[in-house]
1. Bin all alpha-carbon pair distances of the chain at 5 Å intervals from 0 and give each bin's fraction as a whole percent.
2. For the ranges 88-99, 140-151, what's the packing order if you count other beta-carbon atoms within 10 Å of each residue, average per peptide, and put the highest first?
3. What residue among 86, 106, 49 shows peak mean-square fluctuation when the chain is described by a Gaussian network model with Cα springs under 10 Å?
4. What is the stretch 1-69 by shape, rounded, prolate or oblate, if you read a ≥ b ≥ c off the alpha carbon gyration tensor as root eigenvalues and call it rounded for a/c under 1.5, prolate for a/b larger than b/c, and oblate otherwise?
5. Quick check on packing: order 122-129, 73-80, 228-235 by the mean number of other C-beta atoms within 10 Å, highest mean leading.
6. Looking at the stretch 182-267 only, what percent of DSSP beta bridges run antiparallel? Nearest 5 please.
7. Kindly flag which residue pairs out of 91/151; 184/206; 46/182; 32/115; 206/252; 151/252 have an alpha-carbon separation exceeding 21 Å in this structure.
Amino acid sequence: MPVKVSADSICDLTPEQIERYAIDILPISIVKDNVTYKDGVEITQKEIFDYMDSGAGVCHTIAINIVEYSEFFSRFADKYDAVIHFTLSSKMSSCYQNALIAASEFKNVYVIDSKNLSTGAGHLVLDAAIMAQEGRGAQEIIERINGLVDKVEASFVIDSLKYLHKGGRCSGVAALGANVLKLKPCIEVRDGAMTVGKKYRGNYEKVLLEYVRDRLEGRDDIDTRRIFITHPPHGVTPELVQAIREEIQKYKNFDEIVESLASCTISTHCGPMTLGILFYRK
């Protein structure tokens, strides 16, 4: 039997990719008004944005627990030679530790800490699923993926710190200062944790074009197989995404430029006006 590849719902792959490569997704939970919902199944990004913008309250996320992982893995463990599951970075959530404990109940379930989020993890999930579909064995897939984890470059620019502040991910002073100065911070993933990089200022569209240039111009260490443009729905316009696509093409000739939508989990913390480009380094 082949290898099954699965992931937490933060991987933000497109529905077409998930279907084509038979990737199974386990939703993280979103809490809104003291009610728990499954990411992308029982709640939408727009419902989260509307609720938080109304001032009614704050949405927050809950890590997938051990029982949920165990029940999920049990669906595949007897049907496949191996199950390879990808989690949100262990420095951002307890998902990885919970998945490891659940996997210990099975002889053929392997858990990989993506050390990333969104399509930063999605790159790894997709490459593992492609290898699984090619008939490669679990150990070969795991070895190759482990060699790619630290090559993922993930970052995104947010228009406002409001959502990060509401979700407890930054202080009120930092959020107020950024808003007063009209700063658009670049959030980067480094060593599995989110850090603040360059702070941009000005019109969001111009900021994003500058961000793309900063990320790509003059570099010879970029793997040009694939790049994701990832953003929540109901914020960034199709015209702006097209402008980003054209800006990317000015600097690098990627084999694939894939637009994907950020999950409810990512959207809860970042808000609607968020966009990132995510790719591999060589």
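1. 1, 6, 13, 17, 19, 17, 13, 8, 5, 2, 0, 0
2. Top to bottom by mean Cβ count within 10 Å: 88-99, 140-151.
3. Among 86, 106, 49, the largest GNM mean-square fluctuation belongs to 106.
4. On the way: a/c = 3.94, a/b = 1.88, b/c = 2.10.
Taking the square roots of the gyration eigenvalues as a ≥ b ≥ c, the stretch 1-69 is oblate.
5. So the peptides 122-129, 73-80, 228-235, ranked by packing, come out 122-129, 228-235, 73-80.
6. On the way: 7 of 13 bridges.
Of all bridge pairs located within the stretch 182-267, approximately 55 percent are antiparallel.
7. Numbers: 91/151 17 Å; 184/206 11 Å; 46/182 24 Å; 32/115 27 Å; 206/252 19 Å; 151/252 17 Å.
Distance filter (> 21 Å) returns 46/182; 32/115.
Taken together, the values in this text are just the output of simple stated rules run on the coordinates, not laboratory data. Just so it is clear, the structure is predicted and the values come from calculations on it, not from any experiment. All Cβ positions, glycine included, derive from the backbone under ideal geometry; neighbour counts span all protein chains shown.
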